[in-house]
1. In the range B:229-248, which residues are part of a loop (DSSP other than H, G, I, E, B), over 15 Å from B:ARG273 (Cα atoms) and touching a helix residue (DSSP H, G or I) at 6+ places or on another chain (Cβ under 7 Å)?
2. If we scan the range B:262-280, do we find a residue that is outside any strand (DSSP E or B) and touching a His at 6+ places or on another chain (Cβ under 9 Å)?
3. Do any residues in the range A:226-253 that are closer than 14 Å to B:ALA29 by Cα have Cβ atoms under 7 Å from those of residues that are buried (at least 21 other Cβ atoms within 10 Å of the Cβ) and among the aromatic types (Phe, Trp, Tyr), where the two are at least six apart or on different chains, and which pairs are they?
4. So is B:ALA33 more than 23 Å from B:THR381 (Cα to Cα), small (Gly, Ala, Ser) and crowded, with 22+ Cβ neighbours inside 10 Å or not?
5. Check the range B:216-228 and report whether any residue there is of a type in the set (A, V, I, L, M, F, W, C), in contact with a Phe, Trp or Tyr (Cβ under 9 Å, 6 or more places away or on another chain), under 15 Å from B:LEU409 (Cα atoms) and part of a helix (DSSP H, G or I).
6. Could you say which residue among B:ASN227, B:ASN232 is more than 29 Å from B:MET120 (Cα to Cα) and more than 7 Å from every other protein chain (Cβ to nearest Cβ)?
7. Out of all the residues in the range A:402-417, is one or more part of a loop (DSSP other than H, G, I, E, B) and without any contact (Cβ under 8 Å) to a residue 12 or more places away in the chain?
8. Given the criterion buried (at least 18 other Cβ atoms within 10 Å of the Cβ) and not acidic (Asp, Glu), identify the matching residue among B:HIS272, B:HIS322.
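The values are calculated or read from the model by the stated rules, or taken from the named source; none is laboratory data. Values in this document were obtained by computation on a predicted structure and should not be read as measured data. Here the Cβ positions follow ideal geometry from the backbone for every residue, glycine too, while neighbour counts run over all protein chains shown.
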Protein chains: 2
Amino acid sequence: MNTADLGLPVDVPSTALFTDQYELTMLQAALKAGTAERRSVFEVFTRRLPEGRRYGVVAGTGRVLDAVENFRFDAGVLGFLRERDIVDEPTLEWLASYRFSGDIWGYPEGEVYFPGSPIMRVEGSFAECVLLETVILSILNHDSAIAAAASRMSSAAGGRPLIEMGARRTHELAAVAASRAAYVGGFTSTSDLAAGFRYNIPTVGTSAHAFTLLHDRERDAFRAQVNSLGRNTTLLVDTYDVAEAVRMAVEIAGPELGAVRIDSGDLLLVAHRVRQQLDELGAGKTKIIVTSDLDEYAIASLAAAPVDAYGVGTQLVTGSGHPTCSMVYKLVARAESADPRAPLVPVAKKAAGGKTSIGGRKWAARRPDADGVAEAEVVGTGPVPPELAGHQLQVELVKGGDVVAREPLDTVRERHVRARAALPLSATQLSRGEPVIPTEYAVGRSGS
Amino acid sequence: MNTADLGLPVDVPSTALFTDQYELTMLQAALKAGTAERRSVFEVFTRRLPEGRRYGVVAGTGRVLDAVENFRFDAGVLGFLRERDIVDEPTLEWLASYRFSGDIWGYPEGEVYFPGSPIMRVEGSFAECVLLETVILSILNHDSAIAAAASRMSSAAGGRPLIEMGARRTHELAAVAASRAAYVGGFTSTSDLAAGFRYNIPTVGTSAHAFTLLHDRERDAFRAQVNSLGRNTTLLVDTYDVAEAVRMAVEIAGPELGAVRIDSGDLLLVAHRVRQQLDELGAGKTKIIVTSDLDEYAIASLAAAPVDAYGVGTQLVTGSGHPTCSMVYKLVARAESADPRAPLVPVAKKAAGGKTSIGGRKWAARRPDADGVAEAEVVGTGPVPPELAGHQLQVELVKGGDVVAREPLDTVRERHVRARAALPLSATQLSRGEPVIPTEYAVGRSGS
């Protein structure tokens, strides 16, 4: 099972090698020591948000569920591990029948998070959980970074549509995940056909400067485009002279021209001039799309400009200065023995020099104030206080190895809008600041 | 054909949808206008290096060759394009038999580059070349960004080994490409098993804090690891108290202990203390590996410390502040008509507001001074001056659609070492500065 369950056409191949070697060597050593089967709880969290950010956005959860289901060691993979002598034969035998059989709880995709939020919790034997560290972190760290940038951009854009067009600025498959995360964070469409194919995200695009340059005259290029794509197309008007191109565009397509795109220059100034010119030419309904090196600040600075849509590339797919999150995957509790009934013991690294964490399996709730606005992220161990029981954030994602929470991307996208709207208004300020709500720790009886 | 030709086990699936929609709509319009078959020259170049960087590193070329060969529109892909009404039936028919049949020249992988360097040149009909824009840029922009960071880190590390361990900080497949690019840039090994599987890069890894925390005592964890992985293993010594852990590590493994790893704290201070302690314990050959949030500056600051290897994660896979390059793919010349004998006309965008470029098919040479040290990147159109003929940079990569320049990754890695060594010494200064050699333009007779 995988995304195909949602009617999408793409199977996910084995994800078992998206793994750091130490996960397999730890498995081998634990199998030999008799500790591999100790029941264990791993949690994904981040110690801090990227500097200046007010909130984080959970994204990639759906991809994690696919990756966990497709985490299998087939003959080719086992052959590789044997040939390279990465682990011993007993470990290879154990891997051959690997199938995650534990439980995963986590923040639902699209939810916001804060420092210390237990974004995902993976529970099962040490052996089956330790192997998932890298693939889970890869997905969540990448996708959440993109979604956070997208969310800021969609706030800045107000209701105007945002087009994701950054595929050329990032790894070709990271680009597909970036489109998906951008959609979660509020983008409207993508230029990336693979993202349309895999995730059913609306795709857009008409022409580049190369198309104008291919033809003997700009006029010929516009005519060719309108002839083939119709009057409702978007003509790119900044290859030579913008004013002349706009005039010609309306001459050729008529006032039904769908849109013009501006990809260079002083966008604020040019957008005003082009709007005035279009209106004077009777093309009052022709839209203006701008697409040059935008980020959330540039988008915000165009709020009062006559711009109808933004195309965003580089700054989106690189997380607008923060291309990754700092989520970690830590063992927070484990059983005293391999006996399935053995009690859990909270554990945590304790050396000097930072990187410490709080042991024990955690719950999380977002406490609202009297007006329903979030006022604190409460993270705790032990029993959940009754007044917070209705505000818990974690949901069951995998139960006994079966995915129980697969959902359409539009559901995720809507959840993000709701989650962000429930934060204090200052959450969507673009300026640098502290997390918009504090994280409070409520440490109860230890860990289980 | 693909990387499997090098004895590697992985086929590359169709890459045809790693494409921005506008490439297909331009194709449709050009087919209808009769301009699609005009012979065209596209070039990949960058207008600037990331701020402060002295040189760029070409990486991903081998992956581009795979991607071009596997750029095919199968039934599933065509069905998607039809169903979503992205292009019309004549275009779908044309795509069904798509196979790139043109020529590609470029800087060989591992070579360095500068602003304006024509890193890759794709020549064929407009139709067949325009489709490759996004996939080529995705690969080169991502891989070159990682290789540039890796190259700076390997300079800073001197001869000490560098371990790539950033998989968890980037998209799971970007991570595999990042390992490959890091190896090109001078890294020694990777923690990422998929990178070992796909590209035969040496893999390493032993244990994480979770392994220590799984066991009742640190002593039990160390014993379990040594029992299973041998005395030559690397023990992680900073879960609780470093000095106590080092003492215990040597007690358990003996002076044959392979290495200790330090993943937190003041690395300079701790490395010195640990070295002294190991020496006093008779473990003079036990190595010290450090792995905490390193970048090229932190690596350089540890040059005088008793460190034997560096593990680098986040800062490597995010390009150490520059997660992408700004390479573009521009039409620089095209025929006057669809006649295959029609002469080429240089073309270039000319609107105000930047983003202009120089038309015409370009050659490139790196001019050495009397001592053989590079003194300028010379980029020109027209005939190559005789004195530069022996210093040309571009090589033939694809001829009439066939890949002619596939090579093992070790060849690429060695080329990078040689290319960097031929630059002025200041190339490897880590401080911000201008490109270490200037780019000179030698514009000859126009364009062809």
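1. B:ARG231, B:THR233, B:THR239, B:TYR240
2. Residues of the range B:262-280 outside any strand (DSSP E or B): B:263-280.
Pick out the ones that are also touching a His at 6+ places or on another chain (Cβ under 9 Å) and you get B:263.
Yes, some residue in the range B:262-280 is outside any strand (DSSP E or B) and touching a His at 6+ places or on another chain (Cβ under 9 Å).
3. Listed pairs, sorted by first residue: A:LEU235/A:PHE222.
4. Numbers: more than 23 Å from B:THR381 (Cα to Cα): yes; small (Gly, Ala, Ser): yes; crowded, with 22+ Cβ neighbours inside 10 Å: no.
For B:ALA33, the condition - more than 23 Å from B:THR381 (Cα to Cα), small (Gly, Ala, Ser) and crowded, with 22+ Cβ neighbours inside 10 Å - is not met.
5. Start the filter on the range B:216-228 by keeping residues that are of a type in the set (A, V, I, L, M, F, W, C), which leaves B:221-222, B:224, B:226.
Keeping just the survivors that are in contact with a Phe, Trp or Tyr (Cβ under 9 Å, 6 or more places away or on another chain) gives B:221, B:224.
Of the ones still in play, those that are also under 15 Å from B:LEU409 (Cα atoms) are none.
Within the range B:216-228 (the criterion being of a type in the set (A, V, I, L, M, F, W, C), in contact with a Phe, Trp or Tyr (Cβ under 9 Å, 6 or more places away or on another chain), under 15 Å from B:LEU409 (Cα atoms) and part of a helix (DSSP H, G or I)), the answer is no, since none of the residues qualifies.
6. Numbers: B:ASN227 fails: more than 7 Å from every other protein chain (Cβ to nearest Cβ).
Sole residue among the options that is more than 29 Å from B:MET120 (Cα to Cα) and more than 7 Å from every other protein chain (Cβ to nearest Cβ): B:ASN232.
7. Our first condition is that a residue be part of a loop (DSSP other than H, G, I, E, B); within the range A:402-417, this holds for A:404-408.
Filter again for without any contact (Cβ under 8 Å) to a residue 12 or more places away in the chain, leaving A:404.
For the range A:402-417, residues part of a loop (DSSP other than H, G, I, E, B) and without any contact (Cβ under 8 Å) to a residue 12 or more places away in the chain: present.
8. Numbers: B:HIS272 fails: buried (at least 18 other Cβ atoms within 10 Å of the Cβ).
None of the others qualify; the one that does is B:HIS322.
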